[in-house]
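The values are calculated or read from the model by the stated rules, or taken from the named source; none is laboratory data. Remember, it's a predicted structure, so these values are computed and weren't measured experimentally. Positions of Cβ are generated from backbone atoms using ideal geometry, with glycine treated the same way; all protein chains shown enter the neighbour counts. When the accessible area is computed, the model is the full protein with side chains, heavy atoms only, and any ligands, DNA or RNA have been set aside. Shrake-Rupley method; radii C 1.70, N 1.55, O 1.52, S 1.80 Å.
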Amino acid sequence: MTNTPTRRSFMKGGLGAGAALAAAGLAAPARAEGDPAITEIQDWNRYSGPGVDASPYGKPSKFEAGVVRRNVAWLTADPVSSVNFTPLHELDGIITPNGLCFERHHAGVAEIDPHKHRLMINGLVETPLVFTMADLMRFPRENHVYFLECAANSGMEWRGAQLNGCQYTHGMIHCVMYTGVKLKHLLDEAGVKTNGKWVMPEGADASAMTRSIPMEKAMEDCLVAFRMNGEALRPEQGYPLRLVVPGWEGNMWVKWLRRLEVGDEPWQAREETSKYTDLLANGKARRFTFLMDVKSVITSPSPQAPITHGRGRTVVTGLAWSGTGRIKRVDVSLDGGRNWVTARLDGPSLPKALHRFYHEFDWDGSELFLQSRAMDEAGFVQPTKQELRAARGPNSIYHNNGIQTWHVATDGAVENVEIS
Amino acid sequence: MSKFLKTLAVLAPLSLLCNNVAWADPDAEDGAKVFNKCKACHAVGEGAKHKVGPELNDLFGRTAGTAEGYKYSPAMTKAGEEGLVWNDETLHAYLAAPRGYVKGTKMAFAGLKKKEEIDDLLAYLKTHTSGAAAPEEKEAEPERKSEAPAPTEERKAEAAPAPDAAPKTHGVFHLGRPATADEIAAWDIDVRPDGHGLPEGRGTVAEGEALFTDQCAACHGDFGEAIGRWPVLAGGQDTLTNDRPVKTIGSYWPYLSTVYDYIRRAMPFGNARSLSDDDVYALTAYVLYLNDIVTDEDFELSRDNFTSVEMPNKDGFIDDDRLSEPHYAGKAEPCMNDCRPGKAEITMHAAVLDVTPDAEDGEGSPSIE
């Protein structure tokens, strides 16, 4: 080990320790005798490393050990019904690695033997059916990249800035490629009766999660998925089977899917009455607010990813998404929304998937108020938090897609703030 | 001799015998999985704290009801005073039927049915009692070399026990097989506001109170007021327009069917699907009573009168009208220059600065739904 401080050791030393960060920086020290990383022979340059089977299922480099999901223990009574967050500030591109996709369970992770897993379709259908996993794999398969966002993502920020890190403010989202079969094929196989207007997915875990989904959505683009990013679903993402409800709130994407019931009315399950209803200032609550609105966030710089290189060339990057379809444009502001420049979208632009944006500029070392603002192909523009609060009051919790502000201090430290 | 010592005397020779029988070796790893059933209430391992139930480190050899700083039921304390000490035999008896073995214990857990499960569980718990772990460690299994790739899921998965090969009676692809009436009945337990799905049955407020005290109050509080951060089930009426609304069954939930449906499928937490249909009627009646929606302790809820109960906030919900909000309705081209007056000033900093995995308890902090 060298004594050169790495970015990781800074992160361990505590978030927001800004002054030290900017002073030390990452730039290779240019001493007269040269950079020892170059002039000295390194161990990895001399000795052979482990052979091919040392890690039959490969893991990230040990130097990336800090790139993990994290929870905030006091948010919930028990880790068995709780949530952790995707480390967005450490990621790039649009695909979330399977092991970093945030988790939200209501009765822990069910461990299901795929040979004992069944999917039943019953209710208002011509022939109630039972499928094994093997049966399901004989339907025509499709591959789609979709984001999944919890409707409570950024919910802690409704009343004002709370948590210092985009992992916590925006980390209840992930985006992977699903392989599965169209829900429509399964419903057609059972034959939906003419009065079948709603579909209720149910989980096989000990919370037996249920939601009501309108038939048009079920027939339009929902998938019953068994793979994510090419491999089997992870247990915490519903292995062996989950529902995919593109563009709609994550709670509806029932994991460990074991049953689909067709009915003529919604069920008014606990998760669509007690939870996932949006209380307005007048005491009325909106229900069935399925769609996830247009939204974006700058993932770096952000409180857990401060600027450590000092002034000069600086990369601002982030994510944008909309449940309506593709992202058309993302604007970035360095001065808290006074002036905007259009950012560069890069990588695939897929409907109802994350989009990656970049904005490169020369930082003069002065204080910044970073914001991003997304616009989707339907023409919806991401609102400010003030606009949302004015329309909905302070207790709506869900569907907070307001513009996020990061304050960058002159030493490069970043903080979650609200501004005038 | 107390009844506990008697059981010991009876069990001891038996357990000697058992040693000669070829039981499947108890497996601490499998036991860790069984412990998932206890996790809602118990912690074990480094830094374990009391939760709903006491922490279970150094359990073997512990006199019942004596973990420091935990408030036991009088029944558990008394059992300890009468000589109950936790070991293989007593734990087997307790975990098979907690309330049968320690009458009056407040541990709301039905019990583990399989002896092997308890064996594995105890092997696991022993790894957290100093000096109690199994003497001979199992020989390290030779590294399983991946000679042949495991069969793919498609080839492995066997067909569900079907009456006969799927008759081509349905659909386009002729996949899957018809579900039987019994199979549907086993899974289809959902209940709707119009009463669709309600089973035969009944239960009174008074019956519900006994069940609630026994199986729910440890988390939700005797009056549904909640212990710690567990959900509140009662109160909060007329607070929905307050700065800090309290959303409960009484103040917020629009339909009673949701109460029945949810308790039946998901509660008690950690022991779902253990209640009878009558139990769920009784508990639903009691939750109504806690919320002053019914006031008579003799009130009996049944399939017949269920849909006649109206919830106070039944008219409190509207459809999604987000698109009518000013920021969406206009769909205007967004401003690019000089959009706001003056320089940005900070009006609020993040309230929780250091969000580390082991951040201090955030009393009064926002909670997640």
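Could you give me the ³J(HN,Hα) list for segment A:215-223, computed from phi with Karplus coefficients 6.51, -1.76, 1.60 and θ = phi - 60°, whole Hz, x at Gly and Pro?
Karplus-based 3J(HN,Hα) across segment A:215-223 equals 4, 4, 5, 4, 7, 6, 9, 5, 10 Hz.
Roughly how large, in nm² to one decimal, is the mean projection of the convex hull of the alpha-carbon atoms in segment B:245-357?
Taking the Cα atoms of segment B:245-357, their convex hull projects to 13.8 nm² on average.
Rounded, prolate or oblate: which fits segment A:348-411 when a ≥ b ≥ c are the square roots of the eigenvalues of the alpha-carbon gyration tensor, with rounded for a/c under 1.5 and prolate only if a/b beats b/c? Could you put the intermediate results ahead of the total?
Numbers: a/c = 2.78, a/b = 1.24, b/c = 2.24.
It is oblate, given that a/c is not under 1.5 and a/b is not larger than b/c.
Quick one: pull the percent of accessible area on the protein assembly as shown belonging to carbon and sulfur, 1.4 Å probe, ligands and nucleic acids left out.
54
Along the charge dipole of the protein assembly as shown, Cβ charges K/R +1 and D/E -1, which of A:Gln268, A:Ala37, A:Met137 sits furthest on the positive end?
My answer, from the dipole projection, is A:Ala37.
For A:Tyr146, which sequence-distant residues (separation of 5 or more, or a different chain) have an amide H within less than 5 Å of its own amide H, given hydrogens modelled in the peptide plane?
Long-range HN contacts for A:Tyr146: A:Val176, A:Tyr178.
Peptide A:77-87: average number of partner chain Cβ atoms within 10 Å per residue?
For peptide A:77-87, the averaged partner shielding equals 4.
Hey, can you find the accessible area per residue of the protein assembly as shown for me, probe 1.4 Å, expressed in square angstrom?
45
Just to be sure I understand the curve: with the Debye formula and one point per C-alpha of chain A, what is log10 I(q)/I(0) at q = 0.07, 0.12, 0.14 Å⁻¹?
Debye curve over Cα of chain A, log10 I(q)/I(0) at q = 0.07, 0.12, 0.14 Å⁻¹: -0.38, -1.02, -1.30.
Give me a single rounded figure for A:197-208: the average over its residues of other chain Cβ atoms within 10 Å of their Cβ.
3
Based on DSSP, what percent of beta bridges with both residues in the protein assembly as shown are antiparallel, to the nearest 5?
90
Short version: ³J(HN,Hα) in whole Hz for each residue of segment A:50-62, in order, from phi by Karplus 6.51 cos²θ - 1.76 cosθ + 1.60 (θ = phi - 60°), x for Gly and Pro, what are they?
x, x, 4, 9, 4, 9, x, 10, x, 10, x, 3, 5
Could you check the spin-label model distance between A:Gln386 and A:Ala281? Points 7 Å from the Cα along Cα→Cβ, value in nm.
Between A:Gln386 and A:Ala281, the simple spin-label model gives 1.4 nm.
Between A:Ser349 and B:Glu81, how high is the FRET efficiency from 1/(1 + (r/R0)^6) when r is the Cβ-Cβ distance and R₀ = 56 Å? Nearest 0.05.
About 0.20, to the nearest 0.05.
If amide hydrogens are placed 1.01 Å from N in the peptide plane, which non-local residues have theirs closer than 5 Å to the one on A:Arg259?
Here the answer is A:Met120, A:Glu202, since their amide H atoms fall under 5 Å of that of A:Arg259.
Quick one: Cα centre-to-centre distance for segment B:283-298 and segment B:193-256, in angstrom?
Rounded to whole Å, the Cα centres lie 9 Å apart.
So if a site counts as exposed when it's one of the GluC sites (Glu not before Pro), its DSSP state isn't H, G, I, E or B, and it has at most 15 other Cβ atoms within 10 Å, what's the longest stretch of chain A without one?
Maximal segment without exposed cleavage sites: A:127-366.
Could you give the semi-axes, largest first, of the ellipsoid that matches segment A:312-420, computed as the square roots of 5 times the alpha carbon gyration tensor eigenvalues and rounded to whole Å?
23, 20, 10
Test of the criteria: in segment A:219-296, which trypsin sites (Lys or Arg not before Pro) are in a DSSP loop and have at most 16 other Cβ atoms within 10 angstrom of their Cβ?
Answer by residue number: A:Lys275.
Using a simple spin-label model with points 7 Å from Cα along the Cα→Cβ vector, what separation in nm is obtained for A:Asn143 and B:Thr307?
Calculated label separation equals 5.0 nm.
Take peptide A:151-163, look around each residue's Cβ out to 10 angstrom, count Cβ atoms belonging to other protein chains, and average those counts.
Taking the mean over all residues of the peptide, I get 4.
Take A:Asp188, project a point 7 Å from its Cα along the Cβ direction, then tell me which residues of segment A:128-153 have their backbone nitrogen under 11 Å from it.
The answer is A:140.
Any idea of the total accessible area buried by the A-B contact, 1.4 Å probe, rounded to 100 Å²?
9700
Determine ³J(HN,Hα), in whole Hz, for all residues of segment B:76-84 in sequence, where each value follows from phi through the Karplus function 6.51 cos²θ - 1.76 cosθ + 1.60 and θ = phi - 60°; x replaces Gly and Pro.
Coupling constants for segment B:76-84: 6, 4, 5, 4, x, 5, 7, x, 6 Hz.
Hey, can you rank A:392-402, B:207-217 by average C-beta count inside 10 Å, highest first? Let's see the in-between values first.
Working: A:392-402: 21.7, B:207-217: 19.6.
Output ranking for A:392-402, B:207-217: A:392-402, B:207-217.
Once you list every other residue whose beta carbon is under 12 Å from the beta carbon of A:Val109, what net charge do they have if Lys and Arg are +1 and Asp and Glu are -1?
+1
Given H placed 1.01 Å from N in the peptide plane, which residues other than close sequence neighbours of A:Thr405 have an amide H under 5 Å from its amide H?
A:Val417
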